[in-house]
């Protein structure tokens, strides 16, 4: 049975283009309704109970995030569709949710639909959308969604001690749980966590300044972290790291 879908976009051409791509290339979906505003989308969701919503972010009269405020639980999956807004993209990535950029690339659309369809078939609870909403409401205390295997685990950013890169994977170390291996590069985590006092001290090490216990001023430079791990600073990043330690930790 096809997955029921709702398209929410204030631009008629955008709705028609996406609906056409779905009809021609995504037979596992059936578009049951379209909406051009947050207010109309709420009505369509109540009337049709879609399993999947394609949600534009910026619309007159309210953005896509405001739509989520009307639902205590989220009995649907969401694929965000947007042309811009770096803040929105970062919030979405933090929550391990799916998004596609305008103009829509067919391969990206098919890949996003396949991922979300698998989640629907597995009847996974949609924690991604709930956490996305919480992160937008409380941006100073966010949780990040970490995909490990078929699960998404949400952890507080402040509990991350350090990240260690391994090609296209990253090991994450925490204050309150065992390390996790996540299929994201260290560069991606540097981009996501940079504004939360995380700095790159080595090509394979990203550390939280909030978890630095001591700094050894030898030729290389060694950081001792709150869990006892000792991290070498590369010579190229030593001056930068010392300046960051001074500005954040006031030593």
Is segment 48-59 home to any residue that is surrounded by fewer than 22 Cβ atoms within 10 Å (Cβ to Cβ), over 20 Å from residue 133 (Cα atoms) and out of contact with any strand residue (DSSP E or B) (no Cβ under 9 Å at 6 or more places or on another chain)?
-> no
Within the bounds of segment 237-249, is there any residue that is touching a helix residue (DSSP H, G or I) at 6+ places or on another chain (Cβ under 6 Å) and either surrounded by 13 or more Cβ atoms within 10 Å (Cβ to Cβ) or in contact (Cβ under 8 Å) with a residue 60 or more places away in the chain (or both)?
-> yes
Taking segment 219-235, which residues are closer than 19 Å to residue 158 by Cβ, in a loop (DSSP other than H, G, I, E, B) and either outside the structural domain of residue 172 (by TED's automatic domain parsing) or touching a strand residue (DSSP E or B) at 6+ places or on another chain (Cβ under 8 Å) (or both)?
-> 226, 227, 229
Check whether at least one residue in segment 78-88 is in contact (Cβ under 8 Å) with a residue 40 or more places away in the chain and closer than 19 Å to residue 45 by Cα, and report yes or no.
-> yes
Here are some conditions: (1) surrounded by fewer than 20 Cβ atoms within 10 Å (Cβ to Cβ); (2) touching a residue at least 60 places away in the same chain (Cβ under 8 Å); (3) touching a helix residue (DSSP H, G or I) at 6+ places or on another chain (Cβ under 7 Å). Residue 62 meets all but one. Which one does it not meet?
-> (2)
All-but-one check, residue 39 against (1) at pLDDT below 95; (2) under 19 Å from residue 129 (Cβ atoms), failing number (2)
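The values are calculated or read from the model by the stated rules, or taken from the named source; none is laboratory data. In this text the structure is predicted, and so the values were computed from the model without any measurement. Ideal geometry is used to build each Cβ from the backbone, glycine not excepted, and the neighbour counts take in all protein chains shown.
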